[in-house]
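The block underneath contains the structure these notes are about, expressed in structure tokens.
The values are calculated or read from the model by the stated rules, or taken from the named source; none is laboratory data. Keep in mind the model is a prediction, meaning the values are calculated, not measured. Neighbour counts are summed over all protein chains in view; Cβ atoms, including those assigned to glycine, are modelled from backbone coordinates with ideal geometry. Calculation scope for accessible area: heavy atoms of the full protein, side chains included, ligands and nucleic acids excluded. Shrake-Rupley method; radii C 1.70, N 1.55, O 1.52, S 1.80 Å.
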Amino acid sequence: MKYRTLGRTGLRVSEISLGTSQTFRVAAREDERLCVRIVHEALDRGINFFDTAPNYWEAERVLGIALEGRRDEAIVATKINEKSAAAARESIERSFDNLRTDVIDLMQIHSLTSWREVTPVIQEYQHAGRVRFIGLTASEPDKFPEMLEAMRTGTYDTIQIIYSLAERSCREEVLPLAREMNIGVIALRVILHLLAERIPLRPEASTGSGNDSGAEKPMKLARAHAEGRFTFLDEYGVRTAGQALFKYVLSHPAVSTIIAATGKIERIAENAAASDGIALPPEACARLEGLLA
């Protein structure tokens with residue numbers, strides 16, 4: 001596992017991190033022991049950054065359970081999604097309880113919800129030493145103009161944004177500003193909407209079509225895989241389509257880490273293997289973009 005500096009926080013975070021939305025939050029409701037195993041496998045593979053949120057069902061609480069005894073190995077990021085100062089304080093206190101920790105490494109304002117109103121509350125906890133850094137999240141590109149406004153205040157240490165082979169609009173203004181201001185960048189939804197399920201690059205290793213959604217872009221990737229048009233990535237250590245998508249996003253110098261959410265323990269090793277220090281050059285990235293043209 002390779003590590004990058006999370007902007008001006010100075011934190012060294014694993015290039016691939018573990019998210020707790022989507023499949024993980026479903027698993028947390030059905031099988032807490034599986035989630036604990038997933039977290040421990042991630043730690044054992046060198047993953048040290050964990051992202052969660054109060055509204056991911058039981059995920060925040062189960063992450064707290066999983067990190068007991070290993071909290072010092074993890075950088076924990078959670079979120080706040082409240083509209084008033086009072087509700088914000090209640091949410092933060094619940095997060096401390098759920099995560100079983102006295103200090104939260106990164107508190108992010110979920111989808112920029114009432115960021116002007118709740119930021120002073122987070123800063124109170126920051127000044128008290130209970131929250132180390134403050135971030136913003138935006139899972140849709142239409143939030144980018146507001147995010148740019150917030151970033152320019154100089155208040156926020158990190159941003160969490162959608163960035164993938166299919167959604168690259170953050171490269172126009174958001175990523176350049178993040179580099180200029182030394183703001184850490186956490187990429188999300190790198191695979192979502194591109195792979196309905198993971199597709200091995202080699203047809204002989206495939207157990208199915210790799211696409212069950214009928215969506216156009218996953219169909220294009222599945223077709224490219226079936227036709228053997230991913231083999232040009234072999235020399236860059238890419239073994240699965242998921243790894244190709246991770247390496248594509250990691251090729252941008254502004255990106256600090258990629259959030260990969262999974263409810264399957266066997267995916268951890270595959271995800272972690274994308275961080276091997278072998279970068280995709282611009283020409284390989286351009287060929288990947290061409291697969292969706």
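The table that follows gives values for the structure above.
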{"item": "30 Å Cα-Cα reach of residue 220 towards lysines, excluding residues that sit fewer than 8 places from it in its own chain", "result": "143, 247, 264"}
{"item": "Within-13-Å neighbourhood charge of residue 137 [Cβ basis; K, R +1; D, E -1]", "result": "-1"}
{"item": "Residues of type aspartates and glutamates that residue 217 reaches as a straight line, Cα spacing below 12 Å, ignoring anything fewer than 8 places off in the same chain", "result": "167, 289"}
{"item": "Whole-percent carbon and sulfur share, accessible surface of the chain, 1.4 Å", "result": "46"}
{"item": "Ordering of 44-56, 229-241 by burial proxy (mean other Cβ atoms within 10 Å per residue, highest first)", "result": "44-56, 229-241"}
{"item": "Highest to lowest packing among 274-285, 156-167, scored as the average C-beta count within 10 Å", "result": "156-167, 274-285"}
{"item": "Correct choice for mean projected area of the Cα convex hull in nm² that was computed from the model, options [x] 14.4; [y] 19.4; [z] 15.1", "result": "[x]"}
{"item": "Å² of accessible area per residue within the chain, as computed with a 1.4 Å probe and no ligands counted", "result": "42"}
